[in-house]
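Undergrad: Here you go, one structure.
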Amino acid sequence: MDFIAIDFEIANNKLDSACSLGMVFVQENKIIAEKYFVIQPPSLFMEREFTKIHGLTQQDLKDAPKFDEVWNEISHHFTEENYIIAHNAQFDMSVLKNCLLTYSFELPTFPYICSIPISTRACRGEGIGSSLKSRTEHFGITLNDHHHALSDARACAELVIKSIQIKSRKSIGTYLSTFSSIPIKNFKDLKAQTSFKQRKKKFNKIKVSDIIPKTKDFDPTHPLYSKNIVFTGELSTLDRKDAMQKVVDLGGHIKSGVSGVTDYLVIGTQDENVVGKSGISSKQKKACELIEKGKNLKILSEDEFKLLLTEKVNKLSGHGL
């Protein structure tokens with residue numbers, strides 16, 4: 001094998017939360033095989049912002065194999081004989097190392113290289129950005145479905161192959177010999193990050209009073225009409241503000257807290273760092289207490305809520321709520 005290009009995607013800010021892995025195998029400057037895995041992270045907590053990037057949801061991951069199963073299948077590729085290459089390799093290698101440590105695997109010894117310095121030698125002086133998107137666009141490489149792990153791994157492999165071809169070298173080995181300043185690092189020596197640091201964004205809390213109906217033409221037969229709805233947790237496939245807007249446009253009322261007048265509590269994915277290991281928010285606990293006391297309050301998953309958005313009263317009896 002000339003080299004193996006890899007790419008990880010993660011579920012949340014913890015770098016042991018690998019949720020997908022793409023692997024592309026290159027021999028004699030040709031892609032000869034590919035592997036793709038969807039992975040269930042140690043915690044099923046999925047950051048909505050990450051879902052927006054790679055498209056994977058909690059539903060996609062809940063029945064997927066965990067990392068230990070995946071590693072048992074692929075570990076034989078991570079040896080001293082194979083170069084492992086990734087674009088911005090510090091990130092992908094940190095994900096791999098954190099996953100290995102979480103599942104108590106022995107750390108393998110293999111050389112890894114970042115495709116940024118590799119491709120920089122082929123476009124030096126041209127002022128090209130270092131992102132995978134910028135580099136592939138410059139070299140005319142198709143990057144379909146960016147942030148899909150296999151698509152990105154394939155683009156990384158093609159970027160390395162193209163760099164070798166542009167400099168008229170026969171292989172990654174001769175390319176690295178020519179450009180000896182390209183760092184070749186040992187995985188065991190990696191000082192891995194443990195969390196993904198994002199740029200801090202100013203959090204704008206949604207004011208319930210700001211969610212105003214965009215119509216006065218309500219359907220009084222809709223199950224959400226005139227009902228009081230509360231949200232808790234992060235929604236995976238809907239923006240919270242958009243979900244609230246849909247409710248008020250159907251004649252419903254958004255409330256900030258659970259009370260005796262709450263009709264529906266919509267549950268998203270909870271952050272265990274906030275709600276604790278139980279994964280249950282204070283709103284959900286209160287809703288359960290009210291239900292036990294006989295209150296006519298229903299707890300909905302995100303999927304059930306989305307179904308209810310389009311449902312009519314005459315179908316409600318068959319909804320299983």
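The values are calculated or read from the model by the stated rules, or taken from the named source; none is laboratory data. None of the values given here were measured: they were computed from a predicted structure. Here the Cβ positions follow ideal geometry from the backbone for every residue, glycine too, while neighbour counts run over all protein chains shown.
Undergrad: Are there any pairs, at least 6 apart or on different chains, whose C-beta atoms fall under 8 Å, with the first in region 254-266 and without any contact (Cβ under 8 Å) to a residue 40 or more places away in the chain and the second of a type in the set (F, W, Y), and if so, which?
TA: Every condition considered, the pairs that remain are L265/F231; V266/F231; V266/F305.
Undergrad: Looking only at region 241-273, count every residue that is over 24 Å from P42 (Cα atoms), out of contact with any strand residue (DSSP E or B) (no Cβ under 6 Å at 6 or more places or on another chain) and not hydrophobic (A, V, I, L, M, F, W, C) and tell me the total.
TA: Matching residues across region 241-273 total 10.
Undergrad: Just name the residue that is surrounded by the fewest Cβ atoms within 10 Å (Cβ to Cβ) out of those in region 97-131 that are in contact with a strand residue (DSSP E or B) (Cβ under 8 Å, 6 or more places away or on another chain) and under 24 Å from G173 (Cα atoms).
TA: Among residues in region 97-131 that are in contact with a strand residue (DSSP E or B) (Cβ under 8 Å, 6 or more places away or on another chain) and under 24 Å from G173 (Cα atoms), the one surrounded by the fewest Cβ atoms within 10 Å (Cβ to Cβ) is T109.
Undergrad: Let me spell it out: the conditions are (1) crowded, with 18+ Cβ neighbours inside 10 Å; (2) over 23 Å from P213 (Cβ atoms), and T262 meets all of them except one. Which number is the exception?
TA: (2)
Undergrad: Quickly run through region 294-321 and pick out the residues that are at pLDDT 90 or above, part of a loop (DSSP other than H, G, I, E, B) and either of a type in the set (K, R) or surrounded by fewer than 17 Cβ atoms within 10 Å (Cβ to Cβ) (or both).
TA: Passing the criteria: G294, K295, N296.
Undergrad: Further question on the same structure: Can you tell me which of (1) closer than 15 Å to I184 by Cα; (2) acidic (D, E); (3) not in a loop (DSSP other than H, G, I, E, B) is the one E137 doesn't meet?
TA: So the condition that E137 fails would be (1).
Undergrad: Here are some residues: E302, E289. Which one is farther than 25 Å from D217 by Cβ, under 30 Å from the mean Cα position of the chain (by Cα) and acidic (D, E)?
TA: On the way: E289 fails: under 30 Å from the mean Cα position of the chain (by Cα).
Answer to the selection: E302.
Undergrad: One residue is enough: does region 142-155 have a residue meeting the conditions over 18 Å from F8 (Cβ atoms), without any contact (Cβ under 8 Å) to a residue 60 or more places away in the chain and in a loop (DSSP other than H, G, I, E, B)?
TA: Yes: region 142-155 contains one or more residues that are over 18 Å from F8 (Cβ atoms), without any contact (Cβ under 8 Å) to a residue 60 or more places away in the chain and in a loop (DSSP other than H, G, I, E, B).
Undergrad: Right, another one. Determine which member of the set S163, S151, S134 is surrounded by fewer than 21 Cβ atoms within 10 Å (Cβ to Cβ) and modelled with pLDDT of 95 or more.
TA: S151
Undergrad: Looking at (1) polar (S, T, N, Q); (2) in a helix (DSSP H, G or I); (3) at pLDDT below 95, which is the only condition S181 fails?
TA: (2)
Undergrad: So, in region 276-293, of the ones that are among the polar types (S, T, N, Q) and surrounded by 14 or more Cβ atoms within 10 Å (Cβ to Cβ), which residue ends up nearest to M46 (Cα to Cα)?
TA: Checking each candidate, the answer is S281.
Undergrad: Modelled with pLDDT under 95, surrounded by 12 or more Cβ atoms within 10 Å (Cβ to Cβ) and more than 30 Å from I85 (Cα to Cα), is that true of I206?
TA: yes
Undergrad: Have a look at Q165, Q245 and point out the one that is under 30 Å from M1 (Cβ atoms), of a type in the set (S, T, N, Q) and in contact (Cβ under 8 Å) with a residue 12 or more places away in the chain. Spell out how you get there, then give the answer.
TA: Numbers: Q245 fails: under 30 Å from M1 (Cβ atoms).
On inspection, the qualifying residue turns out to be Q165.
Undergrad: Something else: How about region 250-269: which of its residues are in contact with an Asp or Glu (Cβ under 8 Å, 6 or more places away or on another chain) and assigned to a loop (DSSP other than H, G, I, E, B)?
TA: Those that are in contact with an Asp or Glu (Cβ under 8 Å, 6 or more places away or on another chain) and assigned to a loop (DSSP other than H, G, I, E, B): L250, G251, G268.
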